[in-house]
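Just below is one structure, and these are the notes that go with it.
FYI, it's all coordinate maths here, none of it is from the lab. Computed from a prediction, not measured in an experiment: that's the story for all the values here. Because the Cβ atoms are built from the backbone with ideal geometry, glycine has one as well, and the counts that use them run over all protein chains shown.
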Protein chains: 2
Amino acid sequence: MPLVFDFKLGFQYIALTRPTILITMSYDVLKQNIKKNLNLSTEELEGICKYYKPFDVKKKEFLLTQGSICKFEGFVLEGCFRIFTLDKKGNENTLYFAAKDWWLMDIDSFMNQTPSNLNIQALEDSKVLLINRRDKNALYDSLPVVEKLFRIMSQKALVSWQRRLIRNHCFTAKERYFHFLETYPDISSKLTDKQIAGYLGISHEFLSKIKKSEK
Amino acid sequence: MPLVFDFKLGFQYIALTRPTILITMSYDVLKQNIKKNLNLSTEELEGICKYYKPFDVKKKEFLLTQGSICKFEGFVLEGCFRIFTLDKKGNENTLYFAAKDWWLMDIDSFMNQTPSNLNIQALEDSKVLLINRRDKNALYDSLPVVEKLFRIMSQKALVSWQRRLIRNHCFTAKERYFHFLETYPDISSKLTDKQIAGYLGISHEFLSKIKKSEK
DNA sequence: AAAAAAAGTTGAACTTGTTCAACTCGGGAA
DNA sequence: TTCCCGAGTTGAACAAGTTCAACTTTTTTT
């Protein structure tokens with residue numbers, strides 16, 4: 001099995017393998033995702049997709065760890081990831097989860113090539129499409145419409161982050177918990193309560209008490 | 001006393017006045033801001049700036065209110081603004097402040113022309129550069145590099161929002177307060193404690209106690 | 001300058017969420 | 001199969017932050 005990408009991740013050495021089965025179909029997920037943001041021609045979609053390479057990631061493997069530099073931007077075809085930081089107190093603070101049809105990156109570290117504050121870990125066996133920095137820049141240069149595409153996607157993401165911050169201020173932990181369950185039923189069903197607590201910004205003990213109070 | 005909707009901007013007509021003095025110099029602030037993100041030629045900078053029109057905004061005037069549709073994107077030349085939402089409990093939750101050299105918009109409402117959830121209010125007599133939707137689209141079309149510019153700016157903004165969310169989870173109110181003072185000394189000096197509390201997501205009484213505990 | 005309206009302070013009672021420790025339970029590795 | 005580890009639960013004591021109300025100070029309006 002060809003070993004295409006390898007990452008030195010802090011202590012850990014991770015070898016990503018190229019999937020053994022053909023995943024021509026998989027690009028449809030990416031194409032549909034793009035089309036939701038901008039109506040592109042078939043040629044343009046193909047021109048974009050050819051830069052993204054498929055990889056398998058095993059459960060519990062890290063695509064990125066704090067301190068290392070993010071060398072890729074990604075898109076999830078299958079499976080689920082957890083993007084989190086470890087704070088001084090040792091709490092794992094989850095920024096977001098990325099399941100099928102989600103983008104996966106540390107923009108900060110990728111753009112500026114500075115050490116990342118984030119960890120990206122597969123919660124189950126997953127398939128992703130990855131693009132490295134050189135190819136991403138080549139993609140921007142070869143297809144100017146990609147600038148517009150990512151401009152639009154970034155602005156939409158911005159809106160989501162603003163809304164989440166407001167929810168964190170205005171809602172109680174209980175309200176945030178049920179909002180999360182309702183908004184992301186497909187993702188939340190794959191998660192442990194501990195992981196959900198890390199996303200909500202509360203202790204897992206308290207989440208347990210929230211659940212009890214609702215029975 | 002919570003702000004009630006006596007400022008019905010859906011109905012209210014706000015007459016922005018064009019500044020009486022020439023502000024040729026003012027565009028330098030915008031040009032410098034753009035250059036921080038992308039190195040553009042003098043012609044490109046001029047090509048962008050000509051779309052942005054200067055306006056005066058009086059203290060306490062609203063550029064946008066919840067429920068109305070955002071018809072502009074803006075940039076602050078002088079003064080200071082507060083961007084906030086009013087929640088069900090009547091709390092004013094401040095998303096951010098925009099002083100000189102900051103961008104000012106409700107991307108969500110502006111992009112999709114949907115009713116805004118935000119209020120944008122001048123905290124002091126201010127000067128802004130505004131662009132409407134038609135001109136913004138014309139700008140994107142006339143200068144493709146503007147797509148790249150806003151793609152980069154949006155991605156940087158994204159990073160800031162992610163970091164703020166993590167700070168909200170990992171830091172106590174006291175830590176967040178001092179972080180804010182240190183990070184934005186120029187802005188925080190213009191604000192009342194009540195406004196700062198609204199940004200930190202805490203009650204102004206508690207902020208008062210934080211300050212006392214540090215003396 | 002006086003009056004009115006906000007902003008800020010303080011204390012007490014209260015709610016929300018944390019921490020620690022002890023326990024149960026289920027699933028994966030040897 | 002057994003062992004063990006990590007997830008989840010529960011309770012008690014604690015810390016963080018809110019609410020309300022009364023008060024003082026500062027700012028704005030007239």
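Points to keep in mind about this one:
- Amide proton proximity set for B:Trp102, modelled H, under 5 Å, gap of 5+: B:Val76
- Neighbour-limited loop hits for GluC sites (Glu not before Pro), region A:157-215 (at most 13 other Cβ within 10 Å; DSSP other than H, G, I, E, B): A:Glu214
- Inter-chain shielding of A:140-147 (mean C-beta neighbours from other protein chains, 10 Å cut-off): 3
- Relative contact order [Cα under 8 Å, 6+ residues apart], chain B, whole percent: 22 percent
- Centre separation in Å (Cα based) which lies between region B:155-203 and region B:31-99: 19 Å
- Take A:96-102, B:48-54 and order them by the average number of nearby Cβ atoms within 10 Å per residue, most first; the result is A:96-102, B:48-54.
- Highest mean packing first, where packing is the average number of other Cβ atoms within 10 Å per residue, the peptides B:188-194, A:104-110 line up as A:104-110, B:188-194.
- Peptide-level mean, for A:167-173, of C-beta atoms on other protein chains within 10 Å: 4
- Global form of region A:86-135, assessed from the alpha-carbon gyration tensor, a/c cut-off 1.5: oblate
- Global geometry of region A:98-163, whether rounded, prolate or oblate, following the gyration tensor of its Cα atoms and the 1.5 cut on a/c: rounded
- Axial C-alpha extent at least 18 Å, average Kyte-Doolittle at least -0.5 - helices from chain A (DSSP): A:145-170
- For B:87-98, mean number of other protein chain Cβ atoms within 10 Å: 2
- Note on A:Lys211: lysines with a C-alpha under 29 Å away, same-chain residues under 8 apart excluded, are A:Lys59, A:Lys60, A:Lys88, A:Lys89, A:Lys100, A:Lys174, A:Lys190, A:Lys194, B:Lys88, B:Lys89.
- For B:Leu64, nonlocal amide neighbours, meaning residues 5 or more places apart or on other chains whose placed amide H falls under 5 Å from its own, are B:Ile120.
- Computed Kirkwood radius, in angstrom, where 1/r is averaged over Cα pairs of chain B: 18.5 Å
- In order along region B:62-72, the phi-based Karplus estimate (6.51 cos²θ - 1.76 cosθ + 1.60, θ = phi - 60°) of 3J(HN,Hα) comes to 9, 8, 7, 10, 3, x, 9, 9, 6, 9, 8 Hz; Gly and Pro are listed as x.
- Rounded, prolate or oblate (a/c below 1.5 giving rounded, otherwise prolate when a/b exceeds b/c) for the protein assembly as shown by Cα gyration tensor: oblate
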